[in-house]
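A short worksheet on the structure shown next.
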Amino acid sequence: MWRLASVGVFFACWQIGAEIAGPRDLPAPIDVLRRLAQEAQSGALFFHLGVTLLRVGAAFVLAMAIGAVIGFAMGRHRVADRLGDPWLVLLLNLPALVIIVLAYIWIGLNEVAAIGAVALNKIPNAIVILREGARSLDPQLDEMAAVFRFPVATRLRHVLAPQLAPYFAAAARSGLSLVWKIVLIVELIGRSNGIGFKINVAFQLFDMTLLLAYALPFVGVMLAIEVFLVQPLERKVSRWRRGAA
Amino acid sequence: MNAKSLGGGAARLEVSIKSKVYLGASGERHDALGEVAFALDEGEVGAVVGPSGCGKTTLLRIVAGLDARFEGAISRRQTDRLAVVFQEPRLLPWRDVEDNVRLAAPGIGDEELAALLATLGLGEHRRHFPRELSLGLARRVALARAMAVHPDLLLLDEPFASLDAATASDLVEQIIDLVAARVITTLLVTHDLEAAVRLADVVFVLSERPARLAARIAISSPRRGLTPEAAADVTRKIRSAQ
């Protein structure tokens, strides 16, 4: 109820803003919806949305997989941590834009560079979170599993995974929001399709209606993924903690 | 460190520790254990007692194979199945009671599991998660997990610590029943002299840290057959040896 009211207030403010600023700077919600319907009808909206989501998915999976493996190794082994830490600090402090431009220059204006650059921006973040997860693993449970000779698969599934799951979920949640924002920049700079590309076109034409018609549904899809997929997953992996003393 | 394999003789466990040293953060030596040597025959229950912090748990960890940095040797049969009841129950918090037992003993049948849980008074808690259990119940789950693997050698680390007298007494009785029914060689580490005397065939008394074996006191009477006077006499002997 309150959320609906909040959305209503948002659209009301938008409408008032549109009337004050004029259609060139801020088109009215109804105009944006009309344009959105046109783009959807032509199929262009779904094509560009689909391309961007594929890039988000590929970069996200790549970054989480690499970040989880490296983060786990750094959290469990001191030598790996000491070796990897300077690289981690460097990557954490390297601006996303620098990584993107370097990737395009070194690899070329292609999908490998685009997805690789996005993944490289997320990997250090995933490493930091999973490294904390690996550091917080309970050594007492490790010993218990060793004494009772748990097979490797049982240890991974029933001892390690549940301890790392909240960290993985946190990395996934923060990662998704980071990845989709960087994908738009990557597309804006060096791709000929995707939501970022369309936003670039709209910017060059100073077409605010087109810009919002592409930006809003994309934000909506990412919010839906966050609310209906990531958050329930996070709740599921942490449900055994509920009610814990 | 030296882990040896015993042959088919009567001894089920031989402990022969020369020393155990911890190195501090700045390299300083902390002697945890001195010379400790004893043996347990098949089905024998040994209790290790000693002052707080003398190194009892360190000794148990060495016997369990969890600490390999020591001078000396631990000998037990290669084929022996080992189970440990840790001082902290060390249950998987995301698994219920039944799953915690089943994960350690995947081959256990439904009937055997139900009977084991019932014996330990856990029948109505089988679907409870560890956070829903009291410490006494959690220790029983840890004991059920240990018994479910059909151990030849059972190690118990302070199983009665932090329990009220009645709960601790019940747990002693249950351990006596389980160990006697299955002929399990058992090493118990405890500061509870009364429980040690009730449970053990032989009590090993450790000195102050670094612990050395100060005395070996055999208890000849059968468990539960010990008169209060005899128990008090053994307890007195243990106290004077410490």
Worksheet item: (1) in contact with a strand residue (DSSP E or B) (Cβ under 6 Å, 6 or more places away or on another chain); (2) closer than 15 Å to A:Ile99 by Cβ: which one isn't true of A:Val147, the others all being true?
Response: (2)
Worksheet entry | Residue list for segment B:78-121, restricted to those being surrounded by 19 or more Cβ atoms within 10 Å (Cβ to Cβ), more than 14 Å from chain A (Cβ to nearest Cβ) and touching a residue at least 40 places away in the same chain (Cβ under 8 Å) | B:Leu120
Worksheet item: Given segment A:130-245, what helices (runs of 4 or more DSSP H) lie entirely inside it while holding 3 or more residues that are away from every other protein chain (no Cβ under 14 Å) and modelled with pLDDT under 90?
Response: A:161-190, A:208-225, A:231-237
Worksheet, complete the sentence: Scanning segment B:200-242 residue by residue, those in contact with a Leu (Cβ under 6 Å, 6 or more places away or on another chain) and not in a strand (DSSP E or B) turn out to be B:Pro210, B:Thr235, B:Ile238
Worksheet item: Which of the residues that make up segment B:122-135 are surrounded by 15 or more Cβ atoms within 10 Å (Cβ to Cβ) and hydrophobic (A, V, I, L, M, F, W, C)?
Response: B:Leu122, B:Phe129, B:Leu133
Worksheet entry | Enumeration of residues in segment B:148-191 that are touching a residue at least 60 places away in the same chain (Cβ under 8 Å) and within 17 Å of B:Pro51 (Cβ to Cβ) | B:Asp157, B:Glu158, B:Ala161, B:Leu188, B:Val189, B:Thr190, B:His191
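The values are calculated or read from the model by the stated rules, or taken from the named source; none is laboratory data. Fair warning: this is a prediction, and the values are worked out from it, not measured in the lab. Glycine gets a Cβ as well: all are built from the backbone with ideal geometry, and neighbour counts include every protein chain shown.
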